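Data block below; observations after.
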Amino acid sequence: MPSYHGYVLLLLLALIVGATRNVIIADKANLYNESLILLTVIVLSFTYYFTRMFALKAQDRAIRAEENLRHYVLTGKLLDPKLRVQQIVALRFASDEEFPRLVQRALDEKLSVKDIKQAIRNWRADYYRV
């Protein structure tokens, strides 16, 4: 969602700059109020960050479970626990035909996420990523 990632981030940055500026130039009578505004902006920034990270972590867990099931259906075996979550996330784009072979290559050659994505020939789109 561009409005969330773009606009909200830009607005948060503007708030941080403005609130910091106000704390710097505040006179003694307003320093407490300006500091509270800056603290509120900092809390909002952490909320923005953690909202995104929690959603991605939950989605990574779901992808790991889905790909584990997919691997089981295709091969009769669960994914090797040596695969890193980011490797599994990258493998989700592989077609069913190349998925088991690519999983084995990722394990044997310790492929990076970039290498896995470059090795995929028939891409499966993922339109549900947060």
Legend entry - Residue count for the stretch 76-88, restricted to those that are under 16 Å from residue 101 (Cα atoms) and in a helix (DSSP H, G or I): 2
Inset, instruction - Under 7 Å between Cβ atoms, at least 6 apart or on separate chains: pull out the pairs that start in the stretch 45-57 with a residue that is under 25 Å from residue 19 (Cα atoms) and in contact (Cβ under 8 Å) with a residue 12 or more places away in the chain and end on any residue that is open to solvent by 40 Å² or more (accessible area, probe 1.4 Å) and not hydroxyl-bearing (Ser, Thr, Tyr). - result: 45/16; 48/8
Legend entry - Candidate set: the stretch 89-130, residues that are basic (Lys, Arg) and either touching a Lys or Arg at 6+ places or on another chain (Cβ under 8 Å) or part of a helix (DSSP H, G or I) (or both); chosen: the one surrounded by the fewest Cβ atoms within 10 Å (Cβ to Cβ): 114
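Conditions (1) more than 17 Å from residue 68 (Cβ to Cβ); (2) not hydrophobic (A, V, I, L, M, F, W, C), marked per residue:
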| residue | (1), (2) |
| --- | --- |
| 94 | no, no |
| 106 | no, no |
| 109 | yes, yes |
| 118 | yes, yes |
| 126 | no, yes |
Legend entry - Sole exception among (1) over 30 Å from residue 101 (Cβ atoms); (2) free of Cβ contacts under 8 Å to residues at least 40 places away in the same chain; (3) assigned to a helix (DSSP H, G or I) for residue 70, by number: (1)
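Results for (1) among the charged types (D, E, K, R); (2) open to solvent by 90 Å² or more (accessible area, probe 1.4 Å); (3) modelled with pLDDT of 95 or more, shown as yes or no for each residue.
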position: 1; (1), (2), (3): no, yes, no
position: 6; (1), (2), (3): no, no, no
position: 32; (1), (2), (3): no, yes, yes
position: 35; (1), (2), (3): no, no, yes
position: 38; (1), (2), (3): no, no, yes
position: 64; (1), (2), (3): yes, yes, yes
position: 70; (1), (2), (3): yes, no, yes
position: 79; (1), (2), (3): no, no, yes
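The values are calculated or read from the model by the stated rules, or taken from the named source; none is laboratory data. The structure presented is a predicted model; accordingly, all values stated were derived computationally and were not measured. Cβ atoms come from the backbone with ideal geometry, glycine included; neighbour counts cover every protein chain shown. For the accessible areas, the whole protein counts, side chains as well, though only heavy atoms, and no ligand, DNA or RNA atoms are used. Shrake-Rupley method; radii C 1.70, N 1.55, O 1.52, S 1.80 Å.
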